[in-house]
1. Could you pull out which residues in segment 42-66 have an amide N less than 13 Å from a spot 7 Å beyond the Cα of THR382, following the Cα-Cβ vector?
2. Where Lys and Arg each count +1 and Asp and Glu each count -1, what net charge lies around ASP61 among other residues with Cβ under 15 Å from its Cβ?
3. What accessible surface, in Å², does a 1.4 Å probe find on ILE637, ignoring ligands, DNA and RNA and rounding to the nearest 10?
4. Of the listed peptides 313-321, 504-512, what is their order by residue-averaged count of other C-beta atoms within 10 Å, with the highest listed first?
5. Tell me which GluC sites (Glu not before Pro) from segment 238-317 have a DSSP coil assignment and no more than 10 other beta carbons within 10 Å of their own.
6. Sorted from largest down, what three extents in whole angstroms do the Cα atoms of segment 57-134 have along their principal axes?
7. How much solvent-accessible surface does SER466 expose, in Å² to the nearest 10, with a 1.4 Å probe and all protein chains in place?
8. Pull out the extension gain between SER133 and GLN620, defined as 0.36 nm times the separation in residues minus the alpha carbon to alpha carbon distance; nm, one decimal.
Amino acid sequence: MALPCVRLGAVRLRAGTLIRCLCRSSSHQAATAADEIEVPKRKTWDKTAVLQALSYTVSHDPTAASYIFQDDPYLIPNTSTDYKLFSMSKESGRNAAKYIVNLYPDLFQKDIAEPHIPCLMPESIQPQIEGISEEALGERIKLRRVKDSVDLFDQLVQGGTTPSLETTNKLLDLICFYGDREPSPDEPQNQQEDNESENFKKKNVSQKSLPAAKTWRENNNAERIFNLMPERNAHTYRTMIRGMVKHGAYAQAFSMYTDLLNNRFTGDVYTFNALILAAPETKTEVKDKSAQIVELLNHMVQQNVTPNLLTFNSVLKSLRKVGLAMKNLAVQTFMEMKALGIEPSLATYSHLLGVYYKPGDLLGQSQLLVSILEQARGKNFTARDPDDIFFFSEAMRVCLESKDLDLAYELHSLLNTGDNWRLIGRTSLEFAYYGRLFHIVCMMENADMVLKWYRELVPSRYYPTSKGFQNLLQVLEMENRLELLPEMWKDIKQIGHSNKEYLLEEVLNLMVSGKPNAELRAAFADTATSIKSVYESSENSRYQLKESAAAFGNIAILLTRAGRLEEAWKILKSFKTKHLVPRSNVITELLDGAKAAGNRALAVDLVQLAVGFSLPDAPQIAQRVLNDFTLTEEQRITLQDVTQSSTTSSSSSSSSSSSSDSDHD
């Protein structure tokens, strides 16, 4: 039966009528419900909400490289070094293109985007206001032109025009942020914060050892302009304090803070955060360092300054620099933070782990990490502190050193919760995290689970180091999974660790130690040939491998077991030119191969080779050839002559040694 045609445009129902029609089938529920409908509030979606929703529909591909390399397959990295080089090159090219576009905006006026995308159009980086005026000074400050702004300020002062306090403070903000230096075109504004966030890994250093970009120069333009100002407000002092702390002038910062108090001004939360970070750098004794931090916190109370998350993180970061004696104060700080209702960030937990860290005493630190993960389980963290990116690599270090696999799995589960993976940090921190995770998996799991993690992480998230491959080879040896060695060698070569001698020798030793079938023996021989070519090609490269008798002897053994006697014999003959001495087991293996193939000539050549190298087992080898092989009369005479000459030379050497001993007596 055909359905009737309905013109939806002709149906006009009021809202109440439509709802009654829809609810007619459930009138018994409508009777108990309220007459009025509460309309939900309008939700404002993010501009990239659709893209985010689509991204959640795509699962992780463990066989693909990072998404940033998908645009150019030729530049897909194979090693961690290539990853860093290619990613930095791509970002550098993007910055260079942006700089050219902004430098010559007249050449890039065509707008092909519909709708208009402002961020793709040239930015104005050239001053538009000519002349000497306060407006021109403000424009140059916005363009981050440090030298031009200082020069224009001096011209205004020399001309008898004093810029306003607000404009002068903005100029001080610019100078203090960049340390009275001109910023480079591609320098990110948060570069200094990134550098400061790594300071906790290092010991306290003097100002002389700081890099030039982080040194506060004496009598610089910031101090000169500060002294020229006819009036100053609290913002002026706060800017100077933060600039001095940022660029390593810790003592001058506290002196400036004293001037701020003497002029009856108060600091703000950002000023105290900077001073708390500088407190451990101005004292030598542990007691004085902690007292300085506590005094600054008391000043915050006296000046009615409300602390924020960064305040408590700064306290914990400074306590981390002080040392292990600050455990109790760190716990008090954390409890005070919770009492004020401030939710900890990942940086908070990272600093707590750092305070509790002591080499060789991991019990307290692992217990702390257990409680941290219990609090953080199921939470979706956002970036609230520049040091948030250090938590996951720091926590995985604790798991590795305490050998707690379950704790490592729980930490990895937290990383994969929501968007927490975004806080794993830059490439070096990401590789450190996954490297430690893979290391503990190799230590504690069986071969199947190790291989599962290996295929999940490589190459999409992690490029194993030579140490990582060594751990993997040890797992394959313990589990007797030697059939995977050819595959592992291909990965070692592709990822760029074929220049590590100990890895090559380890692969060869494992292949020689096994007793594979015929198919696997052929695969081992191909792998050995590939390793041999790596040794040969390294002679003309920057990383020249040292040829060893053990490595080339193992290559000859593997070729022999695969029935490739001619190639094995060529390798043995090359020992003389390489100044190497073969081991007796190598010749024994080749004798077994020659016997299986019925190659009498090769057996005689092996005896001559053993005699030529003066091996102690040469007579036994010759006797075995006489017993096991059907030789011609000529070959027997040759062996007897070689044996006799060997015996004569050995007896003469022994007699000479005995005579020398008697002379000595």
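1. The answer is 46, whose backbone nitrogens lie closer than 13 Å to the label point.
2. Here the count lands on +1.
3. ILE637 has an accessible surface of roughly 80 Å² with all protein chains in place.
4. 313-321, 504-512
5. GLU285
6. Largest first, segment 57-134 extends 59, 32, 24 Å along its Cα principal axes.
7. For SER466, the solvent-accessible surface is approximately 20 Å².
8. 165.2 nm
The values are calculated or read from the model by the stated rules, or taken from the named source; none is laboratory data. In this text the structure is predicted, and so the values were computed from the model without any measurement. Here Cβ is always computed from backbone atoms with ideal geometry, including for glycine, and neighbour counts include all displayed protein chains. When the accessible area is computed, the model is the full protein with side chains, heavy atoms only, and any ligands, DNA or RNA have been set aside. Shrake-Rupley method; radii C 1.70, N 1.55, O 1.52, S 1.80 Å.
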